[in-house]
Amino acid sequence: MVTALIADDERLMREQLAGRLAQVWPELEIVALATNGKEAVKLADEKSPQIAFLDIRMPGISGIEVAAQLADNIHVVF
């Protein structure tokens, strides 16, 4: 099973993306939902997702900065 993290500072966007992914990719397991960049880095370290869906503009740390801090084996989608 493929695992993913979703990071977006807007609750509705996180929920909509999770819902749409569940429809088109039911085998995907969303292991973490982050509300900002700092939380995304922390959860990625804890949960080790294979894919990270990142919002580019988030408070504190941007999605681009998050991507630079993630492990090399995590695929990133902006």
**Asked** Would the range 24-41 turn up any residue that is open to solvent by less than 30 Å² (accessible area, probe 1.4 Å), aliphatic (A, V, I, L, M), closer than 14 Å to Ala4 by Cα and part of a loop (DSSP other than H, G, I, E, B)?
**Response** yes
**Message:** I'd like to know if the range 52-59 contains one or more residues that are in a loop (DSSP other than H, G, I, E, B), surrounded by fewer than 17 Cβ atoms within 10 Å (Cβ to Cβ) and of a type in the set (Val, Ile, Thr).
**Reply:** yes
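Only one of Glu46, Glu15, Glu65 is in contact with a helix residue (DSSP H, G or I) (Cβ under 8 Å, 6 or more places away or on another chain), assigned to a helix (DSSP H, G or I), surrounded by fewer than 18 Cβ atoms within 10 Å (Cβ to Cβ) and not hydroxyl-bearing (Ser, Thr, Tyr). Can you tell me which?
On the way: Glu46 fails: in contact with a helix residue (DSSP H, G or I) (Cβ under 8 Å, 6 or more places away or on another chain); Glu15 fails: in contact with a helix residue (DSSP H, G or I) (Cβ under 8 Å, 6 or more places away or on another chain).
Matching residue, one of Glu46, Glu15, Glu65: Glu65.
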**Asked** Taking only pairs six or more apart or across chains, which ones have beta-carbon atoms under 7 Å, a first residue in the range 49-61 that is under 19 Å from Ala71 (Cβ atoms), and a second residue that is among the β-branched types (Val, Ile, Thr) and buried (at least 23 other Cβ atoms within 10 Å of the Cβ)?
**Response** Phe53/Ile6; Leu54/Val66
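If you take the residues in the range 68-78 that are in contact with a Phe, Trp or Tyr (Cβ under 9 Å, 6 or more places away or on another chain) and not aromatic (Phe, Trp, Tyr), which one is surrounded by the most Cβ atoms within 10 Å (Cβ to Cβ)?
Val76
The values are calculated or read from the model by the stated rules, or taken from the named source; none is laboratory data. Keep in mind it's a predicted model, so treat the numbers as computed, not measured. Backbone-built Cβ (ideal geometry, glycine too); neighbour counts: all protein chains shown. Note: accessible area is taken over every heavy atom of the protein model, side chains too, but ligands, DNA and RNA are not part of it. Shrake-Rupley method; radii C 1.70, N 1.55, O 1.52, S 1.80 Å.
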